[in-house]
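Working notes, beginning with the structure itself.
Any read-out appearing in this document is the output of simple, stated calculations on the displayed coordinates, not a laboratory observation. It should be emphasised that the depicted structure is a prediction, and the values quoted were computed from it without experimental measurement. Glycine gets a Cβ as well: all are built from the backbone with ideal geometry, and neighbour counts include every protein chain shown.
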Ligand SMILES: [Cu+2]
């Protein structure tokens, strides 16, 4: 009986450690909340867009309405092309893709490459629309500012 007691204690400790690891892993994955959006308090908002298989992943983001200026009012875009064809990132204020958002543009990048840009977040609730200029009908997405 003494032996089984000694074996149970390490097992319990392991269970606790594994339990904490699972909780930490679950909390660390915020991707479901904002569709890949991350926010640092007082800093710029940020989105990570991946281009793959002629699609953007994610293709929908939810961000907060901007504060009008400064770092906190801007959005950092990180773009990563994980496909083999060239892809780009352009952001527009309209669904018809006529008015570009200044600063947001990321030039065409080859597969395995990427880019980054920064734009000023709108200060009122609005939707912005992005697309790949090389595959404009296939690769589209949306950023909702709420
Ligand atoms: Cu493309």
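May I ask for the distance between the Cα centers of the stretch 54-86 and the stretch 111-130, given as a whole number of Å?
So the separation of the two Cα centres works out to 4 Å.
Determine the gain in length on full extension of the stretch residue 60-residue 137; use 0.36 nm per residue of separation and subtract their C-alpha separation, reporting nm with one decimal.
The residue 60-residue 137 span can extend by a further 26.1 nm.
Measuring from label point to label point, each 7 Å out along Cα→Cβ, what is the residue 124 to residue 110 span in nm?
4.5
To two decimal places, what compactness ratio does the stretch 34-145 give when its Cα radius of gyration is scaled by 2.2 N^0.38 Å?
Dividing the Cα radius of gyration by 2.2 N^0.38 Å gives 0.98.
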